[in-house]
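Novice: I'd like to ask you about the structure that follows.
The values are calculated or read from the model by the stated rules, or taken from the named source; none is laboratory data. Note that the structure is a prediction, hence the values are computed from the model and not measured. Note: ideal-geometry Cβ built from the backbone for every residue, glycine included; neighbour counts use all protein chains shown.
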Amino acid sequence: MNQPIYRTLEARPDNYQGWYNQALALHDQRRYQEALYCYEKALEHKPQDYWSCYRRGTIFEELGEYNEALTCYQQATAVRQDDYWAWYSLGYIALQDLQNYQEAAAYFAQARAINPDDYWSCYRQGEALRLAGDYLGAIACFQAALAIRPEDYWSIYRQGDALRQSGDYEGAIATYRAALKIRPQDYWSLYQQGQTLKLMGYYYAALSVFRELWRLDPDDDQIWYAQAVCYAQLWDLPGVMRMLEPALQYSPRYYLEQISQDPAFAAILNHPELQRLMAHCRAELNSGA
C-alpha cells in the first residue's frame, strides 16, 4: 500500500510512525532530500531508532556522501551492536569508497563475529588487509573465505596477490596456477604469474607465460612491454626491439618515459639501435605525426 505524502501546507505527522512511513514513501520515490528530512523528524520522536539511522545511511551512500553515510551506520551499530548489515556497510564504504583500509578491516571483523560463515565479510576483510599491507592477515581471511567457497576464483587470486606482495613468490605462482584451474586462460592470473616469474629472474619461464597471453590478446601493449623487459634481462636486443616497436607506436609518450626510467633497460639504453628507435619516436611526436 502506498503511503500518503504530505505537501508543504498539509498536515504533517506528529509521531514517529507517521514520519517514518512518510520517509519510506519518499525514499522509494528517490526523493532523497525530503526522505532525509522525514527520517530526521522520526529520530526526533525516537532517537534510538535503528531503521531511521540505517536508512539515512543508505540514502547518503546513494548520493555519494560517504562520510555522512559512515556516521549514520555508526549510529545504527550503537543502537544494535550485533547488527551484521550496519557493520558490513561500514566496512564496504571504508574499503570501496574512502580507502580507509585498516578501518574497513576492523568493520568486517565485527561483521564476521556476528556472521562467521559469511563469505563476503571474509573476502572483503582479506582485501582490506591486503591493501593495508597486512599480507599474513589477508591470507588468513582468504583461506577462511575458501573454507566457505572452496572453488572461489577471487579468493584464490587475491591470495596469490598477497603472497606475491609478501615476497613469497613460489607460493604466489602456485596460487595463480590454482586460480587458472578454475578459470583457464584468465588474463590476470596469467599476467601476475608472468610478472612473478620475472621478479624471480626466471625470464624464459616468464616469456612463456607472456607469449600465451600474447596469443590471447595480440594487441595488449602491457604484454609487449613485459616481454621487452624479459628480453632486455636476457640481452636479446632483437627481442627487445621487436616488442618495443609496437608498444612505442601504441603509446609513445608513456613508453618513452618507461624505457628511460626502467632499470631493466639500463644496460642497453645507450645501444645505437634502441637510441635510433627512441629518437625516431620522439621525432614523430614533435612533428605531430
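Novice: Over 24 Å from residue 246 (Cβ atoms), among the basic types (Lys, Arg) and either assigned to a helix (DSSP H, G or I) or in contact with a Lys or Arg (Cβ under 8 Å, 6 or more places away or on another chain) (or both): does that describe residue 164?
Specialist: Spelling it out, residue 164 is indeed over 24 Å from residue 246 (Cβ atoms), among the basic types (Lys, Arg) and either assigned to a helix (DSSP H, G or I) or in contact with a Lys or Arg (Cβ under 8 Å, 6 or more places away or on another chain) (or both).
Novice: Out of all the residues in segment 60-99, which are crowded, with 17+ Cβ neighbours inside 10 Å, of a type in the set (Ser, Thr, Tyr) and farther than 24 Å from residue 130 by Cβ?
Specialist: Scanning segment 60-99 gives a single hit, 77.
Novice: Here is a follow-up. For segment 184-236, how many residues meet the condition of being within 19 Å of residue 153 (Cβ to Cβ), assigned to a helix (DSSP H, G or I) and not β-branched (Val, Ile, Thr)?
Specialist: 12
Novice: Any residue at all in segment 243-256 that's in contact with a helix residue (DSSP H, G or I) (Cβ under 7 Å, 6 or more places away or on another chain), of a type in the set (Asp, Glu) and at pLDDT 95 or above?
Specialist: Yes, there is a match, as at least one residue in segment 243-256 is in contact with a helix residue (DSSP H, G or I) (Cβ under 7 Å, 6 or more places away or on another chain), of a type in the set (Asp, Glu) and at pLDDT 95 or above.
Novice: Working carefully through the options 171, 160, find the one that is more than 28 Å from residue 252 (Cα to Cα), surrounded by fewer than 20 Cβ atoms within 10 Å (Cβ to Cβ) and modelled with pLDDT of 95 or more.
Specialist: None of the others qualify; the one that does is 171.
Novice: Out of all the residues in segment 1-43, which are at pLDDT below 85, of a type in the set (Asp, Glu) and under 20 Å from residue 73 (Cα atoms)?
Specialist: If the condition is that a residue be at pLDDT below 85, of a type in the set (Asp, Glu) and under 20 Å from residue 73 (Cα atoms), then 28 is the only one that fits.
Novice: Then there's this: Kindly indicate whether residue 189 is touching a Lys or Arg at 6+ places or on another chain (Cβ under 8 Å) and either touching a residue at least 24 places away in the same chain (Cβ under 8 Å) or under 30 Å from residue 151 (Cβ atoms) (or both).
Specialist: Here the answer is yes, as residue 189 does meet what is asked.
Novice: Starting from residues that are crowded, with 17+ Cβ neighbours inside 10 Å and of a type in the set (Asp, Glu), keep the ones in segment 120-157 and report whichever is nearest to residue 95 (Cα to Cα).
Specialist: Going through the qualifying residues, I end up with 127.
Novice: Please enumerate the residues belonging to segment 75-100 that are farther than 18 Å from residue 61 by Cα and either assigned to a helix (DSSP H, G or I) or free of Cβ contacts under 8 Å to residues at least 24 places away in the same chain (or both).
Specialist: Result: 78, 79, 81.
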